[in-house]
Amino acid sequence: MREQLVKSSAQIYDGTDQCTSITIHETANESVGADAQAHANLRSNGNVHQVSWHITVDDTEAIRSYPDTAQWWHAGTREGAESSIAVEICVNSDGNYDKAFALAAEVVAGLRAKHGIPRSKVYDHAHWTGRNCPSVMRATGRWQEFLNLTEGANPTIGTMVSPFEGRLTANHQDRGGYKGHKGLDIAPPKPGQTRMPVYAAFAGTWKKIVRNVKAGNRASTLAPARTGGGGLIANPDGEGNGYNHVDILDAWKVGDKAAVGDLIGYNDLSGNQTGAHVHFEMWKDWEDHNSDYDPRDAFDAHGVRPGSAPKGIITPVASKPKPKPKPSTSKPKPASSVNSRADNTAIQTALT
């Protein structure tokens with residue numbers, strides 16, 4: 001990254017940026033020549049606009065205008081100004097957006113490593129105010145792709161498997177679901193099937209488990225208004241995965257580590273549902289139940305089809321009990337030659 005630091009501090013707000021998050025913007029300037037150098041010059045020449053940013057990236061270079069710790073009102077909220085580093089991506093018509101996209105992700109990966117910022121704290125501008133920015137990235141559905149690239153050489157997101165085999169019946173809110181639908185629904189292969197295996201989509205740590213919820217009971221599993229038995233797993237990157245209408249295995253407890261593809265339980269009829277299914281949610285921040293986003297973004301980024309059979313996973317089936325031994329026809333031996341130990345009884349464990 002090349003530095004072209006602005007000498008004047010006239011437009012820097014008092015205080016020090018906490019550098020606990022990163023906010024991604026796009027310049028929205030498609031003019032020929034509106035590259036990183038042009039925007040850096042705009043800052044150096046004393047741009048009169050109050051809004052600013054720390055780093056500008058185009059298809060060939062990244063230029064730093066201010067130290068990460070400089071507070072700028074770039075996000076539209078006080079929290080964003082005090083905590084977030086602003087990265088602008090150029091969209092000039094004579095540039096290559098794909099290359100700028102990739103270089104910006106590389107810059108963000110470096111910032112994450114430098115300040116210890118988790119994936120869940122990388123935001124788009126829309127996170128703070130709802131403004132449609134970065135508009136190109138949002139319009140093309142590439143946000144999760146961008147986040148994946150910010151993992152750099154040491155990714156924490158890991159691999160993904162489909163958590164449940166079956167049929168996708170409802171998606172996230174207005175992308176194929178309904179208003180207020182916070183995740184996606186996967187129904188079993190045959191309508192009404194229960195006791196079908198559910199797997200950990202990603203590796204992580206159990207944060208919440210709710211068991212023994214009856215059908216129709218609106219007891220909350222993940223957050224207010226979510227129903228049924230199930231649990232929440234936090235990923236190493238700070239995101240969260242919610243599994244609802246699931247009978248979690250008794251062996252799991254809060255604090256346990258789950259590996260990707262681990263059997264976590266079986267679908268059931270707990271909670272409020274019109275037909276058997278698994279409700280799967282993804283949150284940008286496992287502690288914030290309102291940070292949900294469309295799980296299809298993660299499925300698409302990993303090349304996984306919702307409802308597909310989990311790759312590399314052998315679906316468990318209930319073991320069959322051994323046949324009872326036929327009565328012996330031989331005469332019993334004299335008591336003096338019989339072993340006095342009690343017979344051992346084989347314990348058969350069935351996955352149900």
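No lab work stands behind these numbers, since they all come straight from the coordinates. Not measured: the values here are computed from a predicted model. Backbone-built Cβ (ideal geometry, glycine too); neighbour counts: all protein chains shown.
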Exercise for review: Of the listed pairs K179/K257; K208/K284; K99/K284; K7/K284, which have alpha-carbon separations greater than 28 Å here?
Suggested key: K179/K257; K7/K284
Practice item. Could you check the simple spin-label distance between A251 and N272, using points 7 Å along Cα→Cβ, in nm with one decimal? Key: 3.4
Review point. Which of the aspartates and glutamates could a cross-linker span from K214 if the Cα-Cα distance has to be under 17 Å and same-chain partners fewer than 8 positions apart are dropped?
Key: D247, D250, D268
Practice item. Could you work out the local net charge near V122, counting Lys and Arg as +1, Asp and Glu as -1, over the other residues with Cβ closer than 9 Å to its Cβ? Key: +3
